[in-house]
Amino acid sequence: MKFRFAIIVSALALLLQACTTVDSDTVYVTIKTDARGNISSTQLSSVTGDRKKDGMALHLALLAFYHKIPNPRPNQTYRQPVMFDYTKSNAAKAAAAAKAKQAGKAAK
């Protein structure tokens, strides 16, 4: 019985893998406040490697900061995670890989 269950779970995993995959990136933004509790500086604590995503994460963290922390403390450091979750079909991944491969051949 255990062997059959493992085969069924493996087959189900393969079917799900063929449909879509979910990727996620988490960026951490450090926000520091001054003596009056206003934002004095921001910086990325971790990056995704994609400058556009990192810039978007910084912007989103600043927009959400006062909603999450309505009365920030003076001279405090806050670390805020920004998570990017996206679903990409395997067909889209294959198309992107083929395009990258073609670009690599053209560069040679």
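The values are calculated or read from the model by the stated rules, or taken from the named source; none is laboratory data. Keep in mind it's a predicted model, so treat the numbers as computed, not measured. Reconstructed Cβ throughout: ideal geometry from the backbone, glycine too, with neighbour counts over all protein chains shown. To get the accessible areas, we keep the full protein, side chains included, count just its heavy atoms, and leave off ligands, DNA and RNA. Shrake-Rupley method; radii C 1.70, N 1.55, O 1.52, S 1.80 Å.
Here each label is just a point 7 Å from Cα along the line to Cβ, and for A64 and D34 those points are 2.6 nm apart. With every protein chain in place and a 1.4 angstrom probe, the accessible-area ranking of M83, M56, largest first, reads M83, M56.
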